[in-house]
Amino acid sequence: FFFLMIRRPPRSTQSRSSAASDVYKRQVQDNVEPKNHIITPNEGLAVSLASGYHLATGKYPLVYFQNSGLGNTVNPLLSMAHAQIYSIPMLLLIGWRGEPGKKDEPQHYVQGKVMNGLLTEMGIQYEVLPDFYEGAEKSVESALFHLQNRNSPYALVVRRQTFLNYKLQNKAKNDMPLNREEATKIIVDNIGDHDAIVGTTGFLSRELWEIRARRQQSHERDFLTVGAMGHASSIALGIALAKPSRNVFCLDGDGALLMHMGALTTVGTSNCSNIKHIVLNLSLIHI
C-alpha cells in the first residue's frame, strides 16, 4: 500500500505527516525521505502542518494516525480544512481500533464504535480500505479523485491486520543502561507508602500494574491513564490540588508530554508543591 502511495502522480500525495502510529510509521520511515515524513506531537498539529504544505505547494498531503487521536484533529479539520472554511484537501489514513465485533483494548471500544459516525457528522467522506492490492489501488484512485475535484479532506479507514507486520530496517542503535520497566521499578521502590501515582498512556501503565501484581501490592493508589494520551500531568495536578497532604507522582513519557505540553504551564503556575512529574525519555530508553 505504501509503495502504491509513493508512486502517485507528481501533483498527488508527496508529504506525509503523522502523530506516530507504529504500524504505518515503520514502513514509511524506511521508504520515504525524512524531509517528506514529519512526525508531530499530536494529530491536530499533523493536520495543520499538512494544511500549510498544501497551501504552499498545491500538493495533497497524507496524514496518518490511529482513531484514538481523531479527537485531536476535530478543531483544525472543522474550523480550517473543512470544505465550508478554507477547503484544504488532504488524505487521512486512520487506523480503526475498537472496531465493533473485534477484540481490542477496552479504551478503544467507544471510539471504534462512534468513529465512522463522527467522520460523517464532520462532513468527511471516507472509505474502508480493502485488504487486497487491487482494491486498495481503486480506493487510492477514488481518494485522489475526491481531493482533485472536491478540495476537501478524505479518509481511508484501515481495519486491524489489513497490513502485514513490518520490521523496521533502519533502526537506531540504543545503548541505554535501563529499559522502561526497570526505570519504573526504581521509581516505585523509592516513593512513600501513601504516595499516589498517575501512569501515562501505554506500556508504562501496564508495567506499573504488573509490578504491583507481582509484589501483591494494592492498586488503589495508582491511576492508569489507559486513554487520553498527553493528559496524565493534568490528572495528577487535579489529584494533588485536592489532596495537598499527599505526594502525587506523574510517570510520563516524552511523547505523551509533547502532545499537550501546554499543561506544564498550568502545573507550573499552580504553586502545587506535592506534584512530582517524572518524564521517561522512551525514544532513548531501550523498550
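The values are calculated or read from the model by the stated rules, or taken from the named source; none is laboratory data. All figures in this text were calculated on a predicted structure; none of them were measured in a lab. Here Cβ is always computed from backbone atoms with ideal geometry, including for glycine, and neighbour counts include all displayed protein chains. The accessibility values were calculated without ligands, DNA or RNA, using every heavy atom of the protein model including side chains. Shrake-Rupley method; radii C 1.70, N 1.55, O 1.52, S 1.80 Å.
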Item to complete: Report the charge-dipole magnitude of the chain in Debye, nearest 20, computed about the Cα centre from +1 at each Lys and Arg Cβ and -1 at each Asp and Glu Cβ.
Response: 340 debye
Worksheet item: Angle between the Cα long axis of helix 180-189 and the longest principal axis of the chain, 0 to 90 degrees, nearest 10?
Response: 20 degrees
Practice prompt. Just report the Cα centroid separation between the range 217-245 and the range 124-140, whole Å.
Written response: 41 Å
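Using a probe radius of 1.4 Å on heavy atoms only, what accessible surface per residue do you get for the chain? Whole Å² is fine.
On the way: 15280 Å² over 287 residues.
On a per-residue basis, 53 Å².
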Worksheet, complete the sentence: Computed over the chain: longest principal axis from alpha-carbon atoms vs helix 203-214 long axis, angle to nearest 10 degrees, is 40 degrees
Worksheet item: What trypsin sites (Lys or Arg not before Pro) does the range 69-130 have in DSSP loop regions with at most 11 other beta carbons within 10 Å?
Response: Lys103
Worksheet item: Between Ala242 and Met80, what is the spin-label point distance in nm, taking each point 7 Å from the Cα along the Cα→C-beta axis?
Response: 3.4 nm
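Before anything else, pin down the relative contact order of the chain: Cα pairs under 8 Å, at least 6 apart, normalised by residue count, whole percent.
For the chain, the relative contact order is 15 percent.
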Worksheet item: Sequence-distant or interchain residues sharing an amide H contact under 5 Å with Ile275, placed H: which?
Response: Val248
Discussion item. For Cys250, Cys272, give me the order by solvent-accessible area with a 1.4 Å probe, most accessible first, ignoring ligands, DNA and RNA.
Written reply: Cys272, Cys250
Worksheet, complete the sentence: Amide H neighbours of Ile197 at under 5 Å, excluding residues fewer than 5 places away on the same chain, with H built from the backbone geometry, are Asp222, Phe223, Phe249
Worksheet item: Ranked highest first by the average count of other Cβ atoms within 10 Å around their residues, in what order do 232-241, 61-70 fall?
Response: 61-70, 232-241
Practice prompt. Run down the aspartates and glutamates and flag those whose C-alpha is under 20 Å from the C-alpha of Lys59, throwing out any fewer than 8 positions away in its chain.
Written response: Glu33, Glu43, Glu137, Glu141
Item to complete: With +1 on each Lys and Arg Cβ and -1 on each Asp and Glu Cβ, and nothing else charged, work out how big the dipole of the range 157-287 is about its Cα centre, in Debye to the nearest 20.
Response: 420 debye
Item to complete: Can you spot the aspartates and glutamates whose alpha carbon is less than 20 Å from Lys102's alpha carbon? Ignore those fewer than 8 places along the same chain.
Response: Asp22, Glu127, Asp131
Worksheet, complete the sentence: Placing each pseudo-label 7 Å from Cα in the direction of the beta carbon, Asp131 and Asn271 end up separated by a distance in nanometres of 5.8 nm
Worksheet, complete the sentence: Measuring from the longest principal axis of the C-alpha atoms of the chain, the long axis of helix 22-31 (C-alpha) lies at a number of degrees, nearest 10, equal to 60 degrees
Item to complete: Eight or more residues apart or on different chains, and alpha-carbon atoms under 28 Å: count the Lys pairs in the range 155-287 matching that.
Response: 5
